[in-house]
Amino acid sequence: GGSESGQKEGGAEDKGAGGKLVIGFSQVGAESEWRTANTESVKKAITDAGHELKFSDAQQKQENQIKAIRSFIAQKVDAIVFSPVVETGFETVLKEAKDAGIPVFLADRAVDIEDDSLWVTFLGSDFIEEGRKAANWLVEEMGDEEEVNIVELQGTVGSAPAIDRKEGFEEVLADHPNFKITKSQTGDFTRAKGKEVMEAFLKSDGDNIDVLYSHNDDMAIGAIQAIEEYGLKPGEDIKIIGVDAVKGAFEAMAAGKMNVTVECNPLFGPQLVELIEKHIAGEELEKRIAVEESIYTMDQAEELLPTRQY
Ligand code: GZL
């Protein structure tokens, strides 16, 4: 291993600014429209900047991400980009990267590790704020209703977005006891699972569901199909709240089948490459860099759909 600073001998620092870098990218998977757009954004930014990309799709499996990071270390890449599928279980492999003097950039999702020397920076959305935005919209929309029953489709169990989007949503609703989350289960961020779990919710609580809060748009789109097959009108009988603001959500809102989506911007590839190059050139970076994002409602969908990039 290198000196205590973790820089490897004759390694990245020789590249200085403008040198061609070899960058290993351990991506979660291809589970949603959001993920596909995110992968494209990061891949394009790396290759457009003239760097070499080594890419791994972990198919949402933690062991595959650990294998990929070990492979990048063995290949002595100059930097590792990593979106951890879940928050825990990566400390050992991140220590191995540090000992090998390879800087790690957390992109999109974070890890729950005390020792923040194991990564250079975390570039990603504030998922707790996304949950708050979803709940604040709901309070605006239905705050004076007697009783509002909510079913929740959670993202991947143990993932930062699933944990934080739930936390932010519940934090706001804590002040509004007329809102109740009557059912909550993971749909693993996929359309198929979202539809399956929504079918189960409808079977048990069908006529007592007023709102669906889905941790991403893909599960919401699956749930919309289930609601229609059940014989209810999504967007009317059951209000639909999603997160990501992918094209599929704008299409559903334009069709009157979805009410709101909280933006989670995947297109941070260029910002990420800039951060890597700055670090390699010796610049100090903030430990936490948030991605700017908004919220979009049904009435805006028609007009904005053509402008959406993902
Ligand atoms: C959020 C990202 C989440 C998206 C889902 O930054 O990690 O993972 O919200 C994706 O669509 O599966």
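Among the residues of region 47-69, is any free of Cβ contacts under 8 Å to residues at least 40 places away in the same chain, within 13 Å of the ligand (Cβ to nearest atom) and under 16 Å from GLN271 (Cα atoms)?
Looking for residues that are free of Cβ contacts under 8 Å to residues at least 40 places away in the same chain, within 13 Å of the ligand (Cβ to nearest atom) and under 16 Å from GLN271 (Cα atoms), one finds none in region 47-69, hence no.
Report, by residue number, each residue of region 227-242 that is under 16 Å from GLU152 (Cα atoms) and of a type in the set (Gly, Ala, Ser).
Answer for region 227-242, where residues must be under 16 Å from GLU152 (Cα atoms) and of a type in the set (Gly, Ala, Ser): GLY235, GLY242.
All but one of (1) open to solvent by 10 Å² or more (accessible area, probe 1.4 Å); (2) outside any helix (DSSP H, G or I); (3) of a type in the set (A, V, I, L, M, F, W, C) hold for MET258; which doesn't?
Checking MET258 against (1) open to solvent by 10 Å² or more (accessible area, probe 1.4 Å); (2) outside any helix (DSSP H, G or I); (3) of a type in the set (A, V, I, L, M, F, W, C), the one that fails is (1).
Checking the structure you have, find out if any residue of region 262-270 is assigned to a helix (DSSP H, G or I) and either open to solvent by less than 10 Å² (accessible area, probe 1.4 Å) or at pLDDT 95 or above (or both). Break it down into steps so the answer makes sense when it comes.
First, the residues of region 262-270 that are assigned to a helix (DSSP H, G or I): 269-270.
Among the residues that remain, those that are also either open to solvent by less than 10 Å² (accessible area, probe 1.4 Å) or at pLDDT 95 or above (or both) are: 269-270.
Yes, because at least one residue in region 262-270 is assigned to a helix (DSSP H, G or I) and either open to solvent by less than 10 Å² (accessible area, probe 1.4 Å) or at pLDDT 95 or above (or both).
Can you tell me which residues in region 186-226 are open to solvent by 20 Å² or more (accessible area, probe 1.4 Å), of a type in the set (S, T, N, Q) and within 13 Å of the ligand (Cβ to nearest atom)?
Across region 186-226, the qualifying residues are THR186, THR190.
State yes or no: is THR36 at pLDDT 95 or above, open to solvent by 30 Å² or more (accessible area, probe 1.4 Å) and farther than 25 Å from ASP115 by Cβ? Give the steps one after another, and end with the answer.
Details: at pLDDT 95 or above: yes; open to solvent by 30 Å² or more (accessible area, probe 1.4 Å): yes; farther than 25 Å from ASP115 by Cβ: yes.
Considered against the rule, which asks whether it is at pLDDT 95 or above, open to solvent by 30 Å² or more (accessible area, probe 1.4 Å) and farther than 25 Å from ASP115 by Cβ, THR36 comes out as yes.
Across region 154-185, what is the total count of residues that are more than 12 Å from the ligand (Cβ to nearest atom) and in a strand (DSSP E or B)?
7
How many residues, within region 89-118, are in contact (Cβ under 8 Å) with a residue 60 or more places away in the chain, hydrophobic (A, V, I, L, M, F, W, C) and part of a loop (DSSP other than H, G, I, E, B)?
Counting residues in region 89-118 that are in contact (Cβ under 8 Å) with a residue 60 or more places away in the chain, hydrophobic (A, V, I, L, M, F, W, C) and part of a loop (DSSP other than H, G, I, E, B) gives 2.
When the residues of region 83-97 are filtered to those that are over 15 Å from GLU114 (Cα atoms) and over 16 Å from the mean Cα position of the chain (by Cα), which remaining residue is least open to solvent (accessible area, probe 1.4 Å)?
Filtering region 83-97 down to residues over 15 Å from GLU114 (Cα atoms) leaves 83-86, 96-97.
Keeping just the survivors that are over 16 Å from the mean Cα position of the chain (by Cα) gives 96-97.
Values: GLU96: 61, ALA97: 0 Å².
The qualifying residue least open to solvent (accessible area, probe 1.4 Å) is ALA97.
The values are calculated or read from the model by the stated rules, or taken from the named source; none is laboratory data. The structure displayed is predicted, hence computed values, not measured ones. Glycine gets a Cβ as well: all are built from the backbone with ideal geometry, and neighbour counts include every protein chain shown. What goes into the accessible areas is simple: the full protein's heavy atoms, side chains included, and nothing from ligands, DNA or RNA. Shrake-Rupley method; radii C 1.70, N 1.55, O 1.52, S 1.80 Å.
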